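Participant: Structure provided below as structure tokens; questions to follow.
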Amino acid sequence: MTVTVATLGFPRVGPRRELKFALEKYWSGKASETELLEAAAGLRTAAWARQKALGADWLPSNDFSLYDHVLDMSVMLGAIPDRYGAAAGQADLATYFAMARGTTGAEDGCGHAHASLTACEMTKWFDTNYHYMVPELVPGQRLALGRLKLVDEYREARALGYETRPVLLGPVTWLSLAKGRGVDPFEMLDEVLGLYVAILGQLAHAGADWVQIDEPILVLDLDETQRQALTRAYAKLGRCNVKLMLTTYFGGLDDNLSFAATLPVSGLHVDLVRAPGQLYAVLKAAPRSLLLSLGVVDGRNVWRADLEALLDRLEPIAATRDLVLAPSCSLLHVPVDLALETKLDEEVTQWLAFAVQKVEELSTLKRALNEGRGSVAAELAASTKAAANRRTSPRIHDRAVAERVAGVTSAMRERRSGHAERTRAQAEVLGLPAFPTTTIGSFPQTAEVRHARAEYVRGHLDDAAYEQFLREETERAIRWQEEAGLDMLVHGEFERNDMVQYFGEQLSGFAFTTSGWVQSYGSRCVRPPILYGDVSRPEAMTVAWWRTAQGFTDKPVKGMLTGPVTILNWSFVRDDQPREASCRQIALAIRDEVLDLEAAGAKAIQIDEAALREGLPLRKRDWQAYLDWAVDCFRLSAAGVADATQIHTHMCYSEFNDILPSIGAMDTDVISIETARSQMELLEGFARYRYPSAIGPGVYDIHAPRVPTEAEIVALMRLAGRHLRPEQLWVNPDCGLKTRKWEEVKPAIAAMVAAARTLRAELLVEA
Ligand code: GLN
Ligand code: ZN
């Protein structure tokens, strides 16, 4: 029996983010279309050569994208919304980028904007931090095959001497991700399937033998429409002249297993990292004729695999049938190459594997299975040694942390008193007016702020000079907030690079890469912190800056922290203990910080949980368990304070209805949320649920440069007043202001403060 290796997809941005820079040059007009396309082709060639050299047998093509693979699929199917003015099947590069990013219209002499197009909606790809462009379908939508990028790229590889297995996003996943405006996307199933048949026909014609067809939707709870669509789809596509590797990832097939394993396809890929337990069920359900592809190394995380442990499981299987070994999912979600890291220390480095190293691991497994363990003895020994070291290293396992976690009591998650009493105590200390005004934390990260930070990181600016710079920025921000008439101030977060990284860098147990970029959307990449060990807080992290800021004013300045769940969800986390255990450790560290801020005199402390909702598991049956421990961890971080200390949180999204009881259970005193774009509709849910504490419904959308008027803010707040009692309401923007310019922030906040004053006057009249 033979074992081969597939990669399912390789990072597109390039080892040094070459794609990002090529795109930005093109968008700014400094490079031509030809130059952009040449750079992209160069990246594809390099990726094929690299994967081949590393020992991959099944090279992917069409895993590359100039922006997003879901958008690519939509464009190939001709699903282009009318507003972009391209007939179905006729999108050029300008249309493609208009869908991805929108266009900025020209301004005429009177400052009126013309013909600016909004981008397609963007949202998270399953439970990853990768964002895709949501396909948009309307009644009477015309679909037609556009230029078939995947056929072009298959041919391109072939001309270079690489036989590839094109990656095609499956029709049922594509339709499930699509948003129908006035139409159910599944009404278009047959039309879409017709186009898929044509695509597979063209691939076969070009010479493709196998196609990787991705249907990650198979790991979710499916409804009857989706099941029927899958049956119908694969009955049709299975008859095409290419072999299909039906590819599932991000979880187990569970109740969809027997269904998936009997679809008329030639191969099935399963994720054995997220769902190792499904292996034996898969083996039982999969007929001999089905080529199995086992996702055995983690495509979602940065840990090195324990190869001998894997071989123990794989050897008996490889003795009886052909196998493909692969990462659990595309390698899109991990950084490219560990060898580029120069600042990680040796001990941590030996625990890690990025995309390149993961393909190497797969090749080692392949050789061990095909030629015996002796053929890769050195590689196996190194892997075993690293795994053993990770199990015992004192860098990871900190006794003091374990003891502290063991000593957590449920009382530590309870505030001393209930809402009524706390509200009274806080009112006394803070003395805020009705409709208090505040902001979410950050102020513009101007070019000067970013430049100073870069100079500091490069060593061109010393500690004292950088501190001085930040001090001046902070003082200016405080003075301006006082003048603007805001009631509760913030220090502005000028010293922070990123709301998670800033804390990770000061906690033990986190490592940071220099080149570990992962695509977030389009040209945007992030470098997630690596949480490798037990977490503790060696010293206070934010108290000095809070103290500096409070020193400039008599008005209350909020302490500003990132919450444990958000720190967890935006990092690469340990796989040697449950997420919840890591979260609890972070919660204790944040708790220390909260108490230090309180001891320093902070009267209000905001603990941001921007990513709490997006951590929801893919299957609904797992939601409650996640929400329970997430809320528990938040409470552990917050509940140590006195009644008079006001705990705020902020969440920058608006889909709360299905998790309202958990939001309530966080037991905060004030929550600020995004509502401006939904016209306060969401507050209805809070009212129905009898949400007891205060809410700052974001009164304007900070994601756009537009400055709101006082009148529209008053109108929005009146809408809010229909659902909530006046004393429950705060007035604030819907998120931090770091991406805006001061010219936008100043008039917007002025309008907001004026609106609050108008509302207060109305309240007096009514009384
Ligand atoms: N306090 C943070 C800020 O204002 C919150 C950011 C966020 O919610 N994403 O920038
Ligand atoms: Zn936000």
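The values are calculated or read from the model by the stated rules, or taken from the named source; none is laboratory data. Just so it is clear, the model here is predicted, and its values are computed rather than measured. Here the Cβ is made from the backbone with ideal geometry for all residues, glycine too, and neighbour counts use every protein chain on show. Please note that ligands, DNA and RNA were not included when accessible areas were found on the heavy atoms of the full protein model with its side chains. Shrake-Rupley method; radii C 1.70, N 1.55, O 1.52, S 1.80 Å.
Participant: Starting from the amide H of residue 650, placed 1.01 Å from N in the peptide plane, find each other amide H under 5 Å away whose residue is 5 or more places distant or on another chain.
Facilitator: 607, 608, 609, 672
Participant: Could you work out how far helix 623-638 tilts from the main Cα principal axis of the chain, as a 0 to 90 degree angle to the nearest 10?
Facilitator: Computed tilt is about 40 degrees.
Participant: In percent, what relative contact order does the range 708-767 have, based on Cα pairs under 8 Å that are 6 or more apart in sequence?
Facilitator: 59 percent
Participant: Right, something else. So what are the ³J(HN,Hα) numbers for the range 200-213, from phi and the Karplus equation (6.51, -1.76, 1.60; θ = phi - 60°), rounded to whole Hz, Gly and Pro as x?
Facilitator: 5, x, 5, 5, 4, 4, 6, x, 5, 9, 10, 10, 8, 10
Participant: Hey, what angle do you get for helix 710-723 against the long axis of the chain, alpha-carbon based, 0 to 90 degrees rounded to 10?
Facilitator: The answer is roughly 80 degrees.
Participant: Starting from the Cα of residue 399, step 7 Å along the direction of its Cβ; do the same at residue 580; then give the gap between the two resulting points in nm.
Facilitator: 2.8 nm
Participant: I would also like to ask the following. When the Debye formula is applied to the Cα atoms of the chain, each taken as the same point scatterer, what base-10 log of I(q)/I(0) results at q = 0.05, 0.07 Å⁻¹?
Facilitator: -0.27, -0.55
Participant: How big is the range 230-377 by Rg and Dmax over its Cα atoms, in Å?
Facilitator: Reported Rg and Dmax, both Å: 16.6, 53.
Participant: Shifting gears a bit: I need to check one value: relative contact order of the chain, counting alpha carbon pairs closer than 8 Å and at least 6 residues apart, in percent.
Facilitator: Reported as a whole number, the value is 11 percent.
Participant: State log₁₀ I(q)/I(0) for the range 678-727 at q = 0.20, 0.21, 0.33 Å⁻¹ as given by the Debye formula over alpha-carbon point scatterers of equal weight, solvent excluded.
Facilitator: At q = 0.20, 0.21, 0.33 Å⁻¹ the computed log10 ratios are -0.69, -0.75, -1.37.
Participant: Now for a different question. Listed highest first by mean packing, meaning other Cβ atoms within 10 Å per residue, what order do 427-433, 244-250 come in?
Facilitator: Output ranking for 427-433, 244-250: 244-250, 427-433.
Participant: Using a 1.4 Å probe on the protein heavy atoms, what percent of the accessible area of the chain belongs to carbon and sulfur? Please list the in-between numbers first.
Facilitator: On the way: 15490 of 30360 Å².
Within the chain, the accessible surface is 51 percent carbon and sulfur.
Participant: Output the direction-averaged projected area (hull surface divided by four) of the convex hull of the alpha-carbon atoms of the range 582-632, in nm².
Facilitator: That works out to 4.0 nm², a quarter of the Cα hull's surface.
Participant: Moving to a separate point now. Quick check on the chain: helices-only [θ] at 222 nm, where DSSP H runs of length 4 and up contribute -39,500 (n - 2.57) each and the sum goes over total residues. Nearest 500, please.
Facilitator: The helix-only estimate for the chain comes to -13000 deg cm²/dmol at 222 nm.
Participant: Continuing with the same structure: I need to check one value: relative contact order of the range 574-651, counting alpha carbon pairs closer than 8 Å and at least 6 residues apart, in percent. Could you put the intermediate results ahead of the total?
Facilitator: Working: 70 pairs, mean separation 39.1, N = 78.
Normalised by residue count, the contact order of the range 574-651 is 50 percent.
Participant: Something else now. Counting pairwise Cα distances across the range 635-682, what percent come out greater than 15 angstrom?
Facilitator: Pairs farther apart than 15 Å: 50 percent.
Participant: Sticking with this structure for a sec: Applying 1/(1 + (r/R0)^6) with R0 = 30 Å to the Cβ-Cβ distance of residue 712 and residue 349, what FRET efficiency is obtained, to the nearest 0.05?
Facilitator: Calculated transfer efficiency: 0.05.
Participant: So for the range 534-628, considering every pair of alpha-carbon atoms, how many percent are separated by more than 19 Å?
Facilitator: The calculated P(r) of the range 534-628 puts 49 percent of pairs beyond 19 Å.
Participant: Taking amide H positions as placed 1.01 Å from N in the peptide plane, with prolines and chain starts having none, which residues 5 or more places from residue 536, or on another chain, fall under 5 Å of its amide H?
Facilitator: Amide H neighbours of residue 536, under 5 Å, 5+ apart: 508.
Participant: Among the listed pairs 25/124; 20/366; 124/603; 358/738; 20/236; 149/236, give every one whose C-alpha distance is greater than 30 Å.
Facilitator: Long pairs (Cα-Cα over 30 Å): 20/366; 124/603; 358/738; 20/236.
Participant: Under 5 Å between amide H atoms, partner at least 5 residues away or on a different chain: which partners does residue 214 have, H built in plane at 1.01 Å?
Facilitator: Placed amide hydrogens put 168, 169, 170, 247 under 5 Å from residue 214.
Participant: Which angle between 0 and 90 degrees, to the nearest 10, do you get for helix 18-27 versus the longest principal axis of the chain when only C-alpha atoms count?
Facilitator: Around 70 degrees separate the two axes.
Participant: Further question on the same structure: Using Cα centres only, tell me the gap between the range 219-258 and the range 572-619 in whole Å.
Facilitator: Between the Cα centre of the range 219-258 and that of the range 572-619, the gap is 38 Å.
Participant: Something else about it: If you take the Cα atoms of the range 1-137, find Rg, then find the Kirkwood Rh from the mean of 1/r over all pairs, what is Rg/Rh?
Facilitator: Rg divided by Rh gives 1.04.
Participant: Express in % the proportion of alpha carbon pairs of the range 552-698 at distances exceeding 27 Å. Provide the component values of the computation, followed by the final result.
Facilitator: Working: 2342 of 10731 pairs.
In whole percent, the long-distance tail amounts to 22.
Participant: Can you work out ³J(HN,Hα) from phi for every residue in the range 430-442, in order, using Karplus 6.51 cos²θ - 1.76 cosθ + 1.60 and θ = phi - 60°, giving whole Hz and x for Gly and Pro?
Facilitator: 8, x, 7, x, 5, 6, x, 9, 7, 10, 8, x, 8
Participant: What does the convex hull of the Cα atoms come to per residue for the range 370-475, in Å³?
Facilitator: Once divided by residue count, the hull of the range 370-475 is 357 Å³.
Participant: If packing is taken as the mean number of other Cβ atoms within 10 Å per residue, what is the order of 183-195, 412-424, highest first?
Facilitator: Listed from highest to lowest mean packing, they are 183-195, 412-424.
Participant: Using θ = phi - 60° and the Karplus relation 6.51 cos²θ - 1.76 cosθ + 1.60, list the HN-Hα couplings for the range 28-43 in order, rounded to whole Hz, with x at every Gly or Pro.
Facilitator: After applying 6.51 cos²θ - 1.76 cosθ + 1.60, I find 8, x, 8, 9, 7, 4, 4, 5, 4, 5, 5, 4, 5, 4, x, 5 Hz.
Participant: Give me the one-decimal Kirkwood hydrodynamic radius in Å for the range 250-301, with the sum taken over alpha-carbon pairs.
Facilitator: When all Cα pairs of the range 250-301 are included, the Kirkwood radius is 11.1 Å.
Participant: Semi-axes of the range 172-292's equivalent ellipsoid from the Cα gyration tensor, sqrt of 5 times each eigenvalue, largest first, rounded to whole Å? Display every interim value, and only then the final one.
Facilitator: Working: eigenvalues 106, 77, 26 Å².
Its equivalent ellipsoid spans semi-axes of 23, 20, 11 Å.
Participant: Here's a follow-up. Can you compute the radius of gyration and Dmax for the range 479-572, using only the Cα atoms, both in Å?
Facilitator: Rg then Dmax for the range 479-572, in Å: 16.0, 45.
Participant: Among the trypsin sites (Lys or Arg not before Pro) within the range 617-692, which fall in a DSSP loop and have no more than 16 other Cβ atoms within 10 Å of their own Cβ?
Facilitator: Passing sites in the range 617-692 are 619, 690.
Participant: Whole number in Å², please: accessible area per residue of the chain, 1.4 Å probe, ligands, DNA and RNA not counted.
Facilitator: Computed with neighbouring chains in place, this is 40 Å² per residue.
Participant: Quick one: what do you get for the range 323-427 if you divide its Cα Rg by 2.2 N^0.38 Å?
Facilitator: It is 1.79.
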